[in-house]
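Have a look at the structure below before the remarks.
Every number here is computed from the coordinates shown, using simple stated rules; none is lab data. Please read these numbers as outputs of a predicted model, since none were measured by experiment. With ideal geometry, Cβ positions are generated from the backbone for all residues, glycine too; neighbour counts draw on all protein chains shown.
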Amino acid sequence: MTSSSPQHPIDQISERVDLLLQRYAQLQRTNGLLSEQVYALTQERDSLKSRLHAARSRVDALIERLPPTPKDAP
């Protein structure tokens, strides 16, 4: 059809449905990519939290090994 001839309502609806289906597929792909990013970032966060906890434990252990300061001595 040419752009100068009017379209039937069914043709207009069909075009709109096609556009909606294309948009839906695009959103599905985008959602999948975003879900993958969320998963990867969650894994990275959990790993960093674990490393932070381990580092804090090491620092606490080192602090416990320090000799008392003169003001702490009895």
Least to most buried among Thr69, Thr42, by other C-beta atoms within 10 Å and fewest first, runs Thr69, Thr42
What length, rounded to one decimal in nm, is gained on full extension from Arg16 through to Ala55, with 0.36 nm per residue of separation minus their alpha-carbon distance? 8.3 nm
0 to 90° range, to nearest 10: angle between helix 9-65 axis and the chain longest Cα axis: 0 degrees
In whole Å, largest first, the alpha carbons of the chain cover along the principal axes 99, 20, 15
Ellipticity estimate at 222 nm from DSSP helix runs (n ≥ 4, -39,500 (n - 2.57)) divided over the chain, nearest 500: -29000 deg cm²/dmol
Give me the number: length gained by fully extending His8 to Val38, i.e. 0.36 nm times residue separation minus the C-alpha to C-alpha distance, one decimal in nm. 6.3 nm
